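The values are calculated or read from the model by the stated rules, or taken from the named source; none is laboratory data. Here the structure is a predicted model, which is why all the values come from computation and not from measurement. FYI the Cβ positions are ideal-geometry reconstructions off the backbone, even for glycines, and counts take in every protein chain you see. Ligands, DNA and RNA are stripped out before the accessible areas are found, and what is left, the full protein with its side chains, is counted by its heavy atoms. Shrake-Rupley method; radii C 1.70, N 1.55, O 1.52, S 1.80 Å.
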Amino acid sequence: MGATVQFGSSATVTDKFGYFEAKNVQVVKNAAFVTVSKPGYFKGIKTYIAKEGKSAFFRIKLIPKTIVGNINGTSGGSVTLTNGLSIALPAGAVVNAATNVAYTGTVNVAAFWINPEAADLNKIMPGDLRGIDKDGSLKLLQTFGMAAVELTGASGELLQITAGKKATLTLAIPSSLSATAPASIPLWYFDESNGLWKEEGNATKTGNTYVGDVSHFSFWSYSLPGP
């Protein structure tokens, strides 16, 4: 209830049942996307192929933005969840996202592991498993796991990773996918400007996890591109 829904340049608000409707909105045909925002939750984003004059119906399930641990901005450190998701920051690697000024206080880490085999994966993940690879080609993706991560400061200010430094993101591989999980896999972040995933870097299989370095935080996915 009361979540803000953005379609291109148009916006509306969900009713008491969480329902929303938008008519006569202008969107990008092959990658139209809807963004749902509410304080205390990660953004819910759904991408779809729009057809003029045709209705599109879908459900979006917002992920609670829960602080799962703290890291010292000066010395760095890590936060690990029981499901195997881990976020590690090197020393002096955090800045205020708005001002780009170095941040040395307590870093609050909000994070959520998105199980690639979850029954509601299509409702909670951003996008629609299409991504732009490093060569600029549109690909269908098979995900082996995703994560939503946000860093905030002591006053709630949004933080990001310092230019030139990287954080390490570790995700557990579900046991049912371990046998088919490749030794190396591309990393993709969700680009909120176009509603698609974008390839950036690689992760390495280490035991039953994938470990990769990321230059910023948003939604990340360890995914194999199709042909």
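A few remarks follow.
- Report note on the peptides 214-220, 198-204, 46-52, 95-101: ranked by the mean count of other C-beta atoms within 10 Å, highest first, their order is 214-220, 198-204, 46-52, 95-101.
- Assigned charges on the beta-carbon of Lys, Arg, Asp, Glu; the chain dipole about Cα centre (debye): 400 debye
- Residue-count net charge about residue 122 - beta-carbon cut-off 15 Å; Lys, Arg +1, Asp, Glu -1: +2
- Backbone phi angles across region 41-48, fed through the Karplus curve with coefficients 6.51, -1.76 and 1.60 (θ = phi - 60°), yield HN-Hα couplings of 9, 5, 4, x, 10, 10, 10, 8 Hz in residue order; Gly and Pro are listed as x.
- Residue-count net charge about residue 42 - beta-carbon cut-off 15 Å; Lys, Arg +1, Asp, Glu -1: +3
- A dipole drawn for region 75-227 from +1 and -1 charges on Cβ atoms has a positive end, and of 119, 167, 95 the residue lying farthest that way is 167.
- Cut-off 11 Å between beta-carbons: net charge of the residues surrounding residue 90, Lys and Arg +1, Asp and Glu -1: +1
- Distance between modelled label sites at residue 177 and residue 49, nm, 7 Å Cα→Cβ extension: 2.4 nm
- Taking amide hydrogens as placed 1.01 Å from N in the peptide plane, the amide H of residue 68 sits under 5 Å from those of 109, 110, 111, each at least 5 positions away in sequence or on another chain.
- Multiplying the residue separation of residue 102 and residue 135 by 0.36 nm and subtracting their alpha-carbon distance yields 8.6 nm.
- Accessible solvent surface per residue of the chain, calculated while the other protein chains remain in place, 1.4 angstrom probe, Å²: 51 Å²
- Mean ellipticity per residue at 222 nm, deg cm²/dmol - from DSSP H runs of n ≥ 4 across the chain, formula -39500 (n - 2.57): 0 deg cm²/dmol
- Simple spin-label estimate for residue 224 and residue 142 in nanometres, 7 Å along Cα-Cβ: 0.3 nm
- The length gained on full extension between residue 80 and residue 57, counted as 0.36 nm times the residue separation minus their Cα-Cα distance, comes to 4.6 nm.
- Length released on extending from residue 165 to residue 215, taking residue separation times 0.36 nm less the Cα-Cα span: 17.3 nm
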